[in-house]
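Accompanying notes for the structure given below.
The values are calculated or read from the model by the stated rules, or taken from the named source; none is laboratory data. All figures in this text were calculated on a predicted structure; none of them were measured in a lab. Here the Cβ positions follow ideal geometry from the backbone for every residue, glycine too, while neighbour counts run over all protein chains shown.
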Amino acid sequence: MKAMVLEKTGQALQLVQRPAPLPDAGQVQVKVSACGVCRTDLHVVDGDLSEARLPIIPGHEIVGTISLLGEGVDNFQVGERVGIPWLGYSCGCCRYCESGAENLCDEPGFTGYQIDGGYAEFTVADARFCFALPGSQSDAESAPWLCAGLIGYRSLMMTGEDCQRLGIYGFGAAAHIVAQIARYQQREVYAFTSPGDIAAQKFALEMGASWAGDSDRAAPCELDAAIIFAPVGHLIPAALRAVRKGGIVVCGGIHMSDIPSFPYHILWGERVIRSVANLTRQDAQEFLELAPLIPLKTRIKEFPLEQANEALHALRSGKLTGAAVLRP
Ligand SMILES: [Zn+2]
Ligand SMILES: [Zn+2]
């Protein structure tokens, strides 16, 4: 099979030919038809995240069909369409797994980070962490659901039940999915983009935002909560200033630049800052039930697998509207 491999952080991915991986007991082999490109992949390639098992095939927004079943797999059949997310494995016995917080597992395995991912023609995955994919969206359009969608959904749930006015900082793949869910739940969306990014502001308005503007401007009204998807630490004080007393600022990214110091009074009033880490299978089940009801639509730009480096570059440059998806 063809695969794009990260041999060393800080370097471009290499196109290699290698035998397709075979499933061990409990695993499935999946013929990949689409794999989304997530900002986390950039952090893995750049070495911002330091626990990659190198060499690694990145990619954790995988859609494909089951091509082989490992011993003991009885929850899927060959030919079934599945999605494979970032959480590739959790231990099942640490204090976090036992309390329903497998996203915080002490011994996790992440797809495209410690476990070879979807920048390839085939991959293998633990069958317990794969999901049947509903809906009539194409494989490529569904790929961003597997991380941008799931992490976005978890981030939105962390803003609380009574979040009517939601701010979103950074309007890319995750934000455009969250905006659709929020609108479906009758919340108002206020989108903050890099100053002057008119294309992203237009995109946000098309996705149902009530307002879109530059992140260095004040919010047009007091917000109940905000989600920050851009990996930019100085947005945390900006978002804190925008939310009301008791408001929650959720950091949805896995990595962020340093947070500048800020005066205590913008946190005062029981405002909350929290991060969202990874996902649970429960999040995935809820999200996958919700997505076809909305019905969720994703804006994508397709790249051939061999152009994974170009896709990563496009994401880095901030010129993408929506999500990049690789097609083997
Ligand atoms: Zn665990
Ligand atoms: Zn991701």
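Please go through region 35-65 and pick out each residue that is β-branched (V, I, T) and in contact (Cβ under 8 Å) with a residue 60 or more places away in the chain.
Here is the first cut: in region 35-65, the ones β-branched (V, I, T) are 37, 40, 44-45, 56-57, 62-63, 65.
Answer for region 35-65, where residues must be β-branched (V, I, T) and in contact (Cβ under 8 Å) with a residue 60 or more places away in the chain: V37, T40, V44, V45, I56, I57, I62, V63.
Rundown of residues vs (1) modelled with pLDDT under 95; (2) crowded, with 23+ Cβ neighbours inside 10 Å; (3) within 23 Å of E286 (Cα to Cα); (4) polar (S, T, N, Q), yes/no style:
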| residue | (1), (2), (3), (4) |
| --- | --- |
| L49 | yes, no, no, no |
| P55 | no, no, no, no |
| I62 | no, yes, yes, no |
| I84 | no, yes, yes, no |
| G100 | no, no, yes, no |
| E121 | no, no, no, no |
| A132 | no, no, yes, no |
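Working only within region 47-95, note down all residues that are small (G, A, S), within 16 Å of ligand 1 (Cβ to nearest atom) and under 15 Å from A125 (Cβ atoms). Please lay out each step first, then the result.
Just the residues of region 47-95 that are small (G, A, S), to begin with: 47, 50, 52, 59, 64, 67, 70, 72, 79, 83, 88, 90, 92.
Subsequent filtering for residues that are within 16 Å of ligand 1 (Cβ to nearest atom) retains 88, 90, 92.
Matches in region 47-95: G88, S90.
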Next on the checklist: Of everything in region 90-109, what is within 16 Å of ligand 2 (Cβ to nearest atom) and either under 21 Å from A20 (Cβ atoms) or in contact with a Pro (Cβ under 8 Å, 6 or more places away or on another chain) (or both)? Give them in sequence order.
Outcome noted: G109
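Quick one: is E286 surrounded by fewer than 16 Cβ atoms within 10 Å (Cβ to Cβ), charged (D, E, K, R) and assigned to a helix (DSSP H, G or I)? Before you say what the answer is, go through the steps one by one.
On the way: surrounded by fewer than 16 Cβ atoms within 10 Å (Cβ to Cβ): yes; charged (D, E, K, R): yes; assigned to a helix (DSSP H, G or I): yes.
Against the criterion (surrounded by fewer than 16 Cβ atoms within 10 Å (Cβ to Cβ), charged (D, E, K, R) and assigned to a helix (DSSP H, G or I)), E286 qualifies.
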Checklist outcome for this item: Being more than 24 Å from E206 (Cα to Cα), of a type in the set (G, A, S) and crowded, with 21+ Cβ neighbours inside 10 Å narrows G233, G252, G247 down to just G247
Checklist outcome for this item: Taking region 112-130 and keeping only residues that are over 27 Å from Q307 (Cβ atoms) and of a type in the set (F, W, Y), one is left with F129
Next on the checklist: Only one of R165, R183, R187, R154 is within 16 Å of ligand 2 (Cβ to nearest atom), under 30 Å from P220 (Cα atoms) and surrounded by fewer than 24 Cβ atoms within 10 Å (Cβ to Cβ). Can you tell me which?
Outcome noted: R154
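Of all residues in region 66-82 being polar (S, T, N, Q) and either buried (at least 18 other Cβ atoms within 10 Å of the Cβ) or in contact (Cβ under 8 Å) with a residue 40 or more places away in the chain (or both), which is farthest from P23 (Cα to Cα)? Explain how you work it out, then say what you get.
Residues of region 66-82 polar (S, T, N, Q): 67, 75, 77.
This time we only want the ones that are either buried (at least 18 other Cβ atoms within 10 Å of the Cβ) or in contact (Cβ under 8 Å) with a residue 40 or more places away in the chain (or both), so: 67, 75.
Details: S67: 10, N75: 15 Å.
Going through the qualifying residues, I end up with N75.
Across region 279-307, what is the number of residues that are touching a Cys at 6+ places or on another chain (Cβ under 9 Å) and within 19 Å of I57 (Cα to Cα)? I'd like the intermediate steps shown before the answer.
Narrowing region 279-307 to residues touching a Cys at 6+ places or on another chain (Cβ under 9 Å): 279, 305.
Narrowing the set further to residues that are within 19 Å of I57 (Cα to Cα) leaves 305.
So the count comes out to 1.
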Next on the checklist: All but one of (1) touching a strand residue (DSSP E or B) at 6+ places or on another chain (Cβ under 8 Å); (2) crowded, with 17+ Cβ neighbours inside 10 Å hold for Q17; state the number of the condition that does not hold.
Outcome noted: (2)
